[in-house]
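Everything below concerns the one structure shown next.
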Amino acid sequence: MATRTEQVLSRKASIDAEKVGKTCAHLEKDHTQAPELAFQHAREKAAHAAAMSAHAAENLHRKEVQDAAKVNATLENLRSRSEHALEVAEHHKAEVSQHAAETAMYPASLEGVVRREEENELRRMELQEELERKAEQSERLRRDKLEEVKGKARAFERPFEH
């Protein structure tokens, strides 16, 4: 018959063996699920990257629409200002002509009005060209940024493709 110490040691060895068995079973389970979990993680990561790419594209599109609206508003403002300036200049010309007819003189100020009209028209054309150039630059920048985001998304998704 075994002594009390032998019984305790035997019971402790039995408990330790049971713990080791459970740990081995758990590790084996983890080992079989690891590839599946890694693949699932990769899919989730790719889906997240695609969502971020789509979000970036939406932001770029929204920015493009805002920029286009700003350019259109600026063009409309310039158009209305130039129309108003032309109306004022024509009104002034009419007043000067009327005054000249009344006084039978041709004032030198009419030449100044014509010169200012020409300068205003030249300035309006310069501003129009500058706005068109900036719109083209904005469009190029938007396309480049979109291509960069798409390239990054493709590069990120490439390792997960089969």
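The values are calculated or read from the model by the stated rules, or taken from the named source; none is laboratory data. These numbers come from a predicted model, not from an experiment. As a convention, Cβ positions derive from the backbone with ideal geometry for all residues, glycine included, and neighbour counts pool all protein chains shown.
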Checklist entry - Can you name every residue in the stretch 1-23 that is of a type in the set (A, V, I, L, M, F, W, C) and under 60 Å from the mean Cα position of the chain (by Cα)? => result 20
Item to check | Sole residue being modelled with pLDDT under 85, surrounded by 12 or more Cβ atoms within 10 Å (Cβ to Cβ) and part of a helix (DSSP H, G or I), chosen from 13, 42, 34 | outcome: 42
Checklist entry - Within the set of pairs 6 or more residues apart or between chains, which connect a residue that is of a type outside the set (D, E, K, R) inside the stretch 1-25 to a residue that is assigned to a helix (DSSP H, G or I) with Cβ atoms less than 8 Å apart? => result 2/10
Checklist outcome for this item: Over the stretch 68-87, the set of residues without any contact (Cβ under 8 Å) to a residue 24 or more places away in the chain and either loosely packed, with under 12 Cβ neighbours inside 10 Å or touching a helix residue (DSSP H, G or I) at 6+ places or on another chain (Cβ under 6 Å) (or both) is 69, 73, 76, 77, 80, 83, 84, 87
Checklist entry - Could you count how many residues in the stretch 72-118 are of a type in the set (D, E, K, R) and modelled with pLDDT under 80? => result 2
Checklist entry - What are the pairs, 6+ residues apart or on separate chains, where a residue within the stretch 116-145 that is in contact (Cβ under 8 Å) with a residue 60 or more places away in the chain and farther than 14 Å from residue 63 by Cβ has its Cβ under 8 Å from a residue that is hydroxyl-bearing (Ser, Thr, Tyr) and in a helix (DSSP H, G or I)? => result 131/74
Checklist outcome for this item: Result of the Cβ filter at 9 Å on the stretch 150-162, keeping first residues that are part of a helix (DSSP H, G or I) and partners that are surrounded by 10 or more Cβ atoms within 10 Å (Cβ to Cβ) and among the basic types (Lys, Arg), at least 6 apart or interchain, is 156/45; 160/43; 160/45
Next on the checklist: Given (1) out of contact with any Pro (no Cβ under 7 Å at 6 or more places or on another chain); (2) at pLDDT below 85, identify the lone condition not met by residue 125.
Outcome noted: (2)
Checklist entry - Across the stretch 146-162, which residue is surrounded by the fewest Cβ atoms within 10 Å (Cβ to Cβ) among those that are within 15 Å of residue 58 (Cα to Cα) and of a type in the set (A, V, I, L, M, F, W, C)? => result 146
Next on the checklist: Residue under question is residue 64, and the condition is that it be under 30 Å from residue 142 (Cα atoms), modelled with pLDDT of 85 or more and acidic (Asp, Glu); does it hold?
Outcome noted: yes
Checklist entry - How about the stretch 41-61: which of its residues are closer than 14 Å to residue 153 by Cα and of a type in the set (D, E, K, R)? => result 43, 44, 45
Checklist entry - Among 94, 51, which is of a type outside the set (Asp, Glu) and either within 30 Å of residue 41 (Cβ to Cβ) or in contact (Cβ under 8 Å) with a residue 12 or more places away in the chain (or both)? => result 51
Checklist entry - Of the residues 111, 147, 83, which single one is closer than 30 Å to residue 50 by Cα and of a type in the set (Asp, Glu)? => result 147
